[in-house]
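Below is one structure, written out as structure tokens; the observations come after it.
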Amino acid sequence: MGELRLMKGNEALAEAAIRAGTDGYFGYPITPQSEVIEYLMAEKPHERTGMVVLQAESEVASINMLYGGGGTGKKVMTSSSSPGISLMQEGLSYMAGGEIPCIVANIVRGGPGLGDIQPAQSDYFQSVKGGGHGDYRLPVLAPASVQEMSDFVPIAYELAFKYRTPVLIVSDGLIGQMMEKVELFDQMPRLTDEEINEKYPWGTNGKPKGQERRILTSLDLDPHKLEKHNFKLQEKYRTIEENEVQYELIDCEDAEYIIVAYGSSARISQKAVQLAREEGIKVGILRPITLWPFPKNAIDELVVGGVKGFLSVEMSAGQMVEDVKLTVRERTKVDHFGRYGGVIHSPEEVLEALKSKIIGG
Amino acid sequence: MTEEIIIAGFGGQGVLSMGKILAYSGIMQDQEVSWFPAYGPEMRGGTANVTVIVSDDRISSPTLTAYDTAVILNQQSMDKFEETVKPGGVLIYDPNGISKHPTRKDIKIYTIEGAKIAAEMGNTKIFNMVVLGGYLKVKPIVKLENVIKGLKKSLHERYHKLIPLNEDAITMGMKNVVEA
């Protein structure tokens, strides 16, 4: 068993970054995420593993440092919160185009604009539908506990390098700020330059004599060549959709109704399910762990299995509910409930919405 | 066993650290715990609160609207949280600085003179440990030995010399909590 600690979600993410063998973290403080860089600075990982931690001059600088670092085959990571993540969208689009691996963690806060610093889930569209320009997708992991804030870091690196893509970890101020018990995984070694060279024959880390030039770019002015590049990207996205969907079913065996919820909304909804079941209402939860690729097949199976209605519970005005509707295709009832702008819905409100919008609606 | 607690008072009273020590004590006896603080604008204006859940099972929602126990350390928190105690639940408060005392008849109400006892012990900083002692007498959800283990885990080694003082404060709290 690994080391047990009581940690904030943000701290667990930071500690996991060190233990996953990250080579460089580049970030800029923003509430409710600042504990990540604060923890890393205090922990001095350069003394533990040689990992670089740098406070960049802005979020735009951070994401472009990831482009440079990730382009050499190093494990690089940043984190921010909603307004900062918006600033990074150009860089993310370039990295998707240049097929550069990295991890970007978004500890979502209320928006739009500067919004507030309380928890929200209103960056779903930005995370799963693109965010930046161009035809691209990013794998998105949504932790629902402090434990998963730690566990998902190595999983995100695995995806990032397997598919040569940025990977998003989308959490929120609630998971970031709360403390829970976390079992930390053991330190993984950082790769040596030789190992990187062997594993990643695309890395732009110096050109020995006789080696072909390696170019990482998102620019190709020949439309036919660029279309071909896009075909390749799309094929990659189809492979990810086929192989990398992750979700959790909670109390769904006998469920007549399903709450679809991720991250902190999934936690709050679990309490709502307990309350509902005390009243004899048979409801379960489908928790997407990957927001993209979205667990369409799991929803489809529930529809075929005779579920009478789905309630998408998100701290937003209704974003993920669109993906639920696309999958359900009007075969049964789908609605949305959520507080937003930094307001956290209570388990009682979720139960009330289930009754009024799905069961009685 | 699942115990859902709100601890609320002024910033600087040690509300958050009291919650943290309680949560660590739960871990020491192999329970699931969560600790969710009010942060950001909620903290401005001087009030601080934290929701702590200690359970034998996986914890669902870390935020709640009703609690098994409320530990209340100032008037603003009394105004806000008296009504959030579940019927049959427990409210513990320090009467120091409370002008409007709780009136509910469907819950058990206790007082602990935390500020006074800490002052008599010569260290106002151990106020929160006196209150924790009072809470643990009413709701012995974690063993004292595990609280001490929790303190060791959550305090930096250079403060470990203060652990006996903290233990005394907890014991004083246990002795002095009274039904209101």
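Since every read-out is calculated from the coordinates, none of them should be taken as a lab result. Given the structure is predicted, the values throughout are model-derived calculations rather than measurements. As a convention, Cβ positions derive from the backbone with ideal geometry for all residues, glycine included, and neighbour counts pool all protein chains shown.
Points to keep in mind about this one:
- Alpha-carbon centroids, the range A:266-324 and the range A:68-138: separation in whole Å: 25
- This model, with +1 at the C-beta of Lys and Arg and -1 at the C-beta of Asp and Glu, gives chain A a dipole about its Cα centre of some 640 debye.
- Debye log10 I(q)/I(0) at q = 0.12, 0.13 Å⁻¹ for the protein assembly as shown, Cα point scatterers: -1.14, -1.28
- A:Lys207 versus B:Glu83: modelled label distance in nm, points set 7 Å from Cα along the beta carbon direction: 7.2
- P(r) histogram, all alpha-carbon pairs of the range A:247-359 included - 5 Å bins from 0, percent: 2, 13, 27, 28, 20, 8, 1, 0
- Nearest-ten-degree value, helix A:89-98 long axis tilted from longest Cα axis of chain A: 60
- 19 Å Cα-Cα threshold exceeded, pairs from B:Lys108/B:Lys137; A:Lys308/A:Lys357; A:Lys181/B:Lys125; B:Lys86/B:Lys139; A:Lys296/A:Lys333; A:Lys74/A:Lys199: A:Lys181/B:Lys125
- With all projection directions averaged, the alpha carbon convex hull of the range A:3-193 covers 9.3 nm².
- Per-residue Cβ neighbour rank within 10 angstrom, fewest leading, B:Ser99, A:Ser269, B:Ser61: B:Ser99, B:Ser61, A:Ser269
- For chain B, the share of DSSP beta bridges that are antiparallel, to the nearest 5, is 55%.
- For the range A:100-230, the square roots a ≥ b ≥ c of the C-alpha gyration tensor eigenvalues yield an a/c of 1.5 or more together with a/b not exceeding b/c, which makes the shape oblate.
- A Förster distance of 51 Å, applied to the separation of the beta-carbon atoms of B:Ala180 and A:Glu57, puts the FRET efficiency at 0.35.
- Ellipticity estimate at 222 nm from DSSP helix runs (n ≥ 4, -39,500 (n - 2.57)) divided over the protein assembly as shown, nearest 500: -11500 deg cm²/dmol
- Tensor-based shape of the range A:33-84 (alpha-carbon gyration tensor, a/c under 1.5 rounded, otherwise prolate or oblate): oblate
- Table column - 3J(HN,Hα) (Hz), the range A:342-349, Karplus curve with 6.51, -1.76, 1.60, x for Gly and Pro: x, 8, 9, 6, 8, x, 5, 5
- Alpha-carbon centroid distance for the pair the range A:326-346 / the range B:13-86, whole angstrom: 29
- Bridge type composition, chain A - antiparallel percent by DSSP, nearest 5: 30
- Ranking of A:Asp220, A:Asp323 by count of other Cβ atoms within 10 Å, fewest first: A:Asp220, A:Asp323
- Karplus-derived HN-Hα couplings along the range A:179-192 (A = 6.51, B = -1.76, C = 1.60, θ = phi - 60°), whole Hz, x at Gly and Pro: 10, 9, 5, 9, 9, 7, 7, 5, 4, 9, x, 6, 6, 7
- Axis angle, to the nearest 10 degrees, between helix A:146-162 and the longest C-alpha principal axis of chain A: 50 degrees.
- Taking chain B as a Gaussian network of alpha-carbon nodes connected by springs under 10 Å, the highest mean-square fluctuation of the residues B:Asp94, B:Asp68, B:Asp106 belongs to B:Asp106.
- Rounded if a/c under 1.5, otherwise prolate or oblate - the range A:1-110, Cα gyration tensor axes: oblate
- Largest GNM mean-square fluctuation among A:Arg331, A:Arg213, A:Arg287, using chain A with Cα springs under 10 Å: A:Arg213.
- Gain in span if fully extended, A:Glu348 to A:Lys282, counting 0.36 nm per residue against the direct Cα distance: 22.2 nm
- Computed from Cα atoms alone, the Kirkwood hydrodynamic radius reported for chain B is 16.1 Å.
- Within straight-line cross-link reach of B:Lys100, aspartates and glutamates at Cα separation under 19 Å, skipping those fewer than 8 residues along the same chain: B:Asp79, B:Glu82, B:Glu83, B:Glu113, B:Glu179
- Rounded to 5, percent antiparallel among DSSP beta bridges of the range A:247-359: 25
- Most fluctuating residue given options A:Gly131, A:Gly111, A:Gly210, as computed from a GNM of chain A linking Cα atoms under 10 Å: A:Gly210
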